[in-house]
Amino acid sequence: MNFIPTKLSGCFILEPKVFNDSRGYFMESFNEQTFQNGTGQKVHFVQDNQSYSTKGVLRGLHYQCGEHAQAKLVRVLQGEVLDVAVDIRPESETYGQYVAEILSAENQKQMFVPRGFAHGFVVLSETATFFYKCDNFYNKESEGGFMYNDATLGIDWGLPQSELLISEKDMVLPTFEKAKKVW
């Protein structure tokens, strides 16, 4: 497994070693010891989530606050997405900055999104199955989020606005500046 640090401290792109042969392929998608050695972080995942979406569906930008904050290891099982992590740690040198990476079933890349980050993705293919491991359980009272198109962040989601499908819940999220603080 290759661990590639992003410009945001603690956030990594993971490239697994994929072994192809005439039957298909094999890869190790997660190994706790390898993960801890590669990221320098001790993370114990307790919940797996999966979603299926059609082209243009944008889910995000979401996070959990306080003791319910979550780190996530995300990947695409089928299709292709643009995955985005935003640093929302007030003390961080990269506060308010983001990284974006194309994750697909073809490239097998994963993104590790540590606690203190908002996360979202948009589906670029006709459909996509998105999988993520979380290190903390979901808590409705602790959820936070902000608008995907907040002007202060300037995220390029890779699709025209007219092609984006946003949930009613996400359409009424506050701006980045007015969002619930993570800590």
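The values are calculated or read from the model by the stated rules, or taken from the named source; none is laboratory data. What you see is a predicted model, and the numbers here were worked out from it, not measured in a lab. No Cβ is skipped: glycine too gets one built from the backbone with ideal geometry, and neighbour counts run over all protein chains shown.
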query = Is the stretch 88-107 home to any residue that is modelled with pLDDT of 95 or more, of a type outside the set (V, I, T), assigned to a helix (DSSP H, G or I) and in contact with a strand residue (DSSP E or B) (Cβ under 7 Å, 6 or more places away or on another chain)?
reply = no
query = On the given criteria, is F112 touching a Gly at 6+ places or on another chain (Cβ under 7 Å), touching a residue at least 40 places away in the same chain (Cβ under 8 Å), surrounded by 14 or more Cβ atoms within 10 Å (Cβ to Cβ) and within 27 Å of F3 (Cβ to Cβ)?
reply = no
query = Do we have S167 as of a type in the set (S, T, N, Q) and either under 17 Å from K7 (Cβ atoms) or in contact with a strand residue (DSSP E or B) (Cβ under 6 Å, 6 or more places away or on another chain) (or both) here?
reply = no
request  = Tell me which residues, restricted to the stretch 58-70, are crowded, with 23+ Cβ neighbours inside 10 Å and either among the aromatic types (F, W, Y) or not in a strand (DSSP E or B) (or both).
outcome  = Y63, Q70
ask   = Considering the stretch 27-43 alone, what residues qualify as being in a loop (DSSP other than H, G, I, E, B) and under 18 Å from the mean Cα position of the chain (by Cα)?
value = S29, F30, Q41, V43
key: Where F130 falls short, out of the listed (1) closer than 17 Å to E32 by Cα; (2) under 13 Å from the mean Cα position of the chain (by Cα)   = (1)
ask   = Among L73, L82, which is buried (at least 19 other Cβ atoms within 10 Å of the Cβ), among the hydrophobic types (A, V, I, L, M, F, W, C) and in contact with a Gly (Cβ under 8 Å, 6 or more places away or on another chain)?
value = L82
key: Counted residues, the stretch 87-107 - those being more than 14 Å from the chain's Cα centre (by Cα) and either closer than 25 Å to S29 by Cα or without any contact (Cβ under 8 Å) to a residue 60 or more places away in the chain (or both)   = 5
